[in-house]
Amino acid sequence: MAARNDFDALNERFSNVSISNDDAAGEPSNPSQSRTPVDEYFYQHASRPGSRFPYNGDARLNIRKTFNTLARAERWNERKRMEEKERFFEAIDAEFTTRFGDGTSLQTWQRLVAMFDPEGPLPPSITRCKKELSKYYINIYDFLNYCRRMGIDEQAGVQGDLRSIDKGSLQILRAYSKRNRLLYPLDFARGTVLKAFLVHMFG
C-alpha cells in the first residue's frame, strides 16, 4: 500500500495541470483547460510511448470501466494491476478534494445537501449537513462519474439531482457495489467529503 505521507506529494503532482479535448491517442490539443486528477492519471498512461491505451478525457466515460480498459490494454499482471489500482484510488481521493475542497466550508456541505433535496431548508452546520447526507446511500464511483458529467465542483452552482443515484438502503448499496466491483478502500479516503460518502460501507 502506498505510504500515506505521499498524499501531499500526490496532490502537488496533480495540481496546476491541464485538460483538453484530446484525440484518441491521448495527445493534448488545448492545454489551457484544467485536467482533473483522474484524467491526469489516465493521460499519464495514454501518453506513454508504445501505450495501447487510448484516452480522450470524455467526462461521460465511466472511470472504473476506463481503469479496467487500461489494465487490459497494458496487459498488467496481478501485481502490476494492484500497484496501479492504488495510484488510481489516490487519484480519486485527490479529485474529490479538488472538486470539494478540504471539507471545512459549510457552503460546500450545504450545496451537497441541496443536490439531494433542492427544495428543503439548508442545515445550519457541517454536522447537521453530514447527518442529512447520511440518509442517502451513494456509491462513490457513481457520485464522481455524476460530478464529472455535470461539471460539479466547489465553484459550480447546484446542478442535477443526486437522488437519481441513491440506492435507498445499505443492503442494496453494498450488494450493488460488490456485484459491480465498485468498492473503494477506506484507507485511501483522506478527503473529508469522500469519507462522508463511504461511511455507510465501513461505518
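We did not get these values from a lab; they are worked out from the coordinates using the rules stated. Note that the coordinates shown come from a computational prediction; the quantities given were computed from them, not determined experimentally. Using ideal geometry, Cβ is built from the backbone for each residue, glycine included, and neighbour counts are taken over all protein chains shown.
Taking the criterion of being surrounded by fewer than 19 Cβ atoms within 10 Å (Cβ to Cβ) and either over 24 Å from ILE63 (Cβ atoms) or among the β-branched types (Val, Ile, Thr) (or both), the residues of segment 99-109 that qualify are THR104, SER105, LEU106, GLN107.
Could you say whether any residue in segment 74-94 is in a loop (DSSP other than H, G, I, E, B), at positive phi and either among the basic types (Lys, Arg) or in contact with a Pro (Cβ under 6 Å, 6 or more places away or on another chain) (or both)? There is at least one residue in segment 74-94 that is in a loop (DSSP other than H, G, I, E, B), at positive phi and either among the basic types (Lys, Arg) or in contact with a Pro (Cβ under 6 Å, 6 or more places away or on another chain) (or both).
The set of residues in segment 58-80 that are more than 16 Å from the chain's Cα centre (by Cα) and exposed (fewer than 15 other Cβ atoms within 10 Å of the Cβ) comprises ARG72, ARG75, ASN77, GLU78, ARG79, LYS80.
Any residue in segment 51-67 that is farther than 30 Å from LEU170 by Cα and basic (Lys, Arg)? Even if it seems obvious, please write down each step before you answer.
Initial filter on segment 51-67 (farther than 30 Å from LEU170 by Cα): 51-58.
Now restrict to residues that are basic (Lys, Arg): 52.
The answer is yes, given that some residue of segment 51-67 is farther than 30 Å from LEU170 by Cα and basic (Lys, Arg).
The single condition from (1) outside any helix (DSSP H, G or I); (2) within 18 Å of the chain's Cα centre (by Cα) that GLY168 fails is (2).
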